[in-house]
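Below is one structure, written out as structure tokens, with a few remarks after it.
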Amino acid sequence: MAAISVEEFNRDFLIKVPMAANIGIHATQLAKGEATLLMPFSAALARPVDTVSGPALMTLADVAAWAVVLTVIGGQEMAVTTSLTMNFLRKAGASDIVAEAKILKMGRRLAVAAIELVSADSDEMVAHATATYAIP
């Protein structure tokens, strides 16, 4: 069982990352060590070639990593990113993006997560990230 619910994350934690809340990122499913988030497509996220921009994808990956860490440690606001590595695999297009995050290693002070970003229109992975979070 996750240490934080979807409702709690969306209601109480996303507001602490206004950029993520403003672009519509929200959790759809949380389980211990696993998180699924959705970022709806909008023109505000697009590059001139009508595809989701890299900065938007990186924001989604980071928020998904934070969410998956909170599924294990609970509502500790000050768990923070120490590193984020992003690999862009293909053009995302004008599509909603689904982030699927999993904990790879959970230590006392650091957590490592893998995040797959998938185009909701094609089910193709558009980017892959790994993130390390410091745990207070």
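The values are calculated or read from the model by the stated rules, or taken from the named source; none is laboratory data. For clarity, every value in this text was computed on a predicted model and none was experimentally measured. Cβ sites come from the backbone with ideal geometry, for glycine too, and all protein chains shown count toward neighbours. Side chains are part of the model used for accessible areas, which takes the heavy atoms of the whole protein and leaves out ligands, DNA and RNA. Shrake-Rupley method; radii C 1.70, N 1.55, O 1.52, S 1.80 Å.
Before moving on, here are some points about what is shown:
- With the alpha-carbon atoms of the chain aligned to their principal axes, the span from lowest to highest coordinate is 43, 27, 23 Å, starting with the largest.
- Of all segments of the chain bounded by trypsin sites (Lys or Arg not before Pro) found in a DSSP loop with no more than 11 other C-beta atoms within 10 Å, the longest spans 1-107.
- For a straight C-alpha distance cut-off of 16 angstrom, the lysines reachable from K102 (same-chain residues fewer than eight places away being disregarded) are K32.
- Degrees, to the nearest 10: 54-73 long Cα axis against longest axis of the chain: 20 degrees
- Note that the chain presents 50 Å² accessible area per residue, ligands and nucleic acids not counted, probe 1.4 Å.
- For region 26-78, convex hull volume per residue from C-alpha positions, Å³: 78 Å³
- In the chain, the calculated helix contribution to ellipticity at 222 nm averages -6000 deg cm²/dmol per residue, counting -39,500 (n - 2.57) for every DSSP H run with n ≥ 4.
- Cα-based radius of gyration for region 78-134, normalised by 2.2 N^0.38 Å, reads 1.25.
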